[in-house]
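Take a look at the structure set out below.
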Amino acid sequence: MTKTEKDPRAVELCNEIRRLYFTKKDSGWIARPHHTNKEIRIGHPQYGNDDVVSSEIDSLYIAIDRLGLADAIGYKLEIVTK
């Protein structure tokens, strides 16, 4: 088994997303790197069920995608619910 390298840029991007965007005290907001699949995962368990949460996640996805923040470090952006 080979060890997956953890890209510190992906970790920092997720830290920034959490600091700048997920300021609510409501638990469940997701911003984490998945190094094996080279993904930045953002989301919330209520994505797809709550219009406000879904709109916020969609807006965040669009902003990160347009800025190319995940692409710039070789990761793809994914919306997740868990």
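What per residue convex hull volume, in Å³, comes out for the range 1-65 when only alpha-carbon positions are used?
Cα convex hull per residue, to the nearest whole number: 103 Å³.
What number, rounded to the nearest 500 deg cm²/dmol, is the helix-based mean residue ellipticity at 222 nm of the chain, given -39500 (n - 2.57) per DSSP H run of at least four residues and division by all its residues?
Computed ellipticity for the chain at 222 nm equals -12000 deg cm²/dmol.
Taking Cα atoms, how many degrees apart are the long axis of helix 8-20 and the longest axis of the chain, rounded to 10 and kept between 0 and 90?
Approximately 20 degrees, to the nearest 10.
Could you work out the relative contact order of the chain, using alpha carbon pairs under 8 angstrom and six or more residues apart, expressed as a whole percent?
31 percent
Using alpha carbons only, how many degrees (0 to 90, rounded to 10) separate the axis of helix 51-67 from the longest principal axis of the chain?
Once rounded, one gets 40 degrees.
Loop only per DSSP, at most 12 neighbouring Cβ atoms within 10 Å: give me the GluC sites (Glu not before Pro) in the range 1-80, ordered by residue number.
When the GluC sites (Glu not before Pro) of the range 1-80 are filtered for loop state and at most 12 Cβ neighbours within 10 Å, Glu5 remain.
Using a Gaussian network model on the chain with a 10 Å cutoff between Cα atoms, which of Arg41, Arg32, Arg66 fluctuates the most?
It is Arg66.
Which percentage, to the nearest 5, of the DSSP beta bridges contained in the chain is antiparallel?
50 percent
FYI, it's all coordinate maths here, none of it is from the lab. Fair warning: this is a prediction, and the values are worked out from it, not measured in the lab. Methodologically, a virtual Cβ is constructed for each residue, glycine included, from the backbone with ideal geometry; neighbour enumeration extends over all protein chains shown.
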